[in-house]
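Here is the structure we will look at.
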Amino acid sequence: RRTLRLAVLEKEPAVGYHQTGHNSGVVHAGIYYAPGSLKARLCVEGLELSYRYFEERGIPYRRCGKLIVAASERELPGLDALHARAVANGVRDLQYLDPAQFAKIEPHCRGVRAIHSPHTGIVDWGLVAQSYAEDVIAMGGDVLLSHRAVGFQGGPDFRSGVGIECARPG
């Protein structure tokens, strides 16, 4: 028996209207976040879950990998620090590549050494957000477009302890 309902408020007339639909589209492997941080853990755990979701929903994506290149010898300590951070975060299958190896992946790239992250990819996060909205609706929730939260309040009248005041369209 369901006792809770979910409503997603979106102040814009479409899902993914701003940053979600206009970012670089990277599916991050977890390289850059501080080891032990929530962001690092969620990124590493969410990588394969994201790819599985894209497959299940027929969302186009590319698991194209990523090269992080040290352009000169003086950039090598920073590259090594990124590699250590990624390993500490549990990022899988990272490899150091020499220039001949990374030229096979990207012939126009120049540098002294690179880290190859084969599981990094790209996707249209706007499409993903639309798919999430469809999932919410399919499970009985609501996605309310052109609604923005204008206030929050708590009190005994609300089972959850929090009420949301919403500005309606128009």
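Helix 38-57 and the longest principal axis of the Cα set of the chain meet at an angle near 80°. The base-10 log of I(q)/I(0) for segment 4-43, evaluated at q = 0.32 Å⁻¹, reads -1.00 [Debye formula, identical scatterers on Cα atoms, solvent excluded]. The phi-based Karplus calculation (6.51 cos²θ - 1.76 cosθ + 1.60; θ = phi - 60°) puts the 3J(HN,Hα) values of segment 140-149 at x, x, 10, 10, 9, 7, 6, 10, 10, 6 Hz, whole numbers, x for Gly and Pro. For VAL143, nonlocal amide neighbours, meaning residues 5 or more places apart or on other chains whose placed amide H falls under 5 Å from its own, are VAL8. Accessible surface for the chain, divided over its residues, is 66 Å² per residue with a 1.4 Å probe. Taking other residues whose beta carbon is less than 12 angstrom from the beta carbon of LEU49, and scoring Lys, Arg as +1 and Asp, Glu as -1, yields -3.
Once every DSSP H run of n ≥ 4 in the chain is given -39500 (n - 2.57) and the sum is divided by its residues, what mean residue ellipticity at 222 nm do you get, rounded to the nearest 500 deg cm²/dmol? Write down the numbers at each step before the final one.
On the way: 4 runs with 55 residues, N = 170.
Calculated at 222 nm, the ellipticity per residue is -10500 deg cm²/dmol.
With semi-axes defined as the square roots of five times the eigenvalues of the C-alpha gyration tensor, the equivalent ellipsoid of the chain measures 41, 18, 15 Å, largest first. Computed from the Kirkwood radius of its Cα pairs, the Stokes-Einstein diffusion coefficient for segment 1-89 at 37 °C and 0.692 mPa s stands at 201 µm²/s. Roughly how many percent of the accessible protein surface of segment 1-125 is carbon and sulfur, given a 1.4 Å probe and a whole-percent answer? Using a 1.4 Å probe with all protein chains present, segment 1-125 comes out at 54 percent carbon and sulfur.
If you fit an axis through the alpha-carbon atoms of helix 125-138 and take the longest principal axis of the Cα set of the chain, what angle between them do you get, 0 to 90°, nearest 10? Approximately 40 degrees, to the nearest ten.
The values are calculated or read from the model by the stated rules, or taken from the named source; none is laboratory data. None of the values given here were measured: they were computed from a predicted structure. Cβ coordinates were reconstructed from backbone atoms using ideal geometry, including for glycine residues, and neighbour counts include every protein chain displayed. In case anyone asks, the SASA skips ligands and DNA or RNA and just uses the protein heavy atoms, side chains included. Shrake-Rupley method; radii C 1.70, N 1.55, O 1.52, S 1.80 Å.
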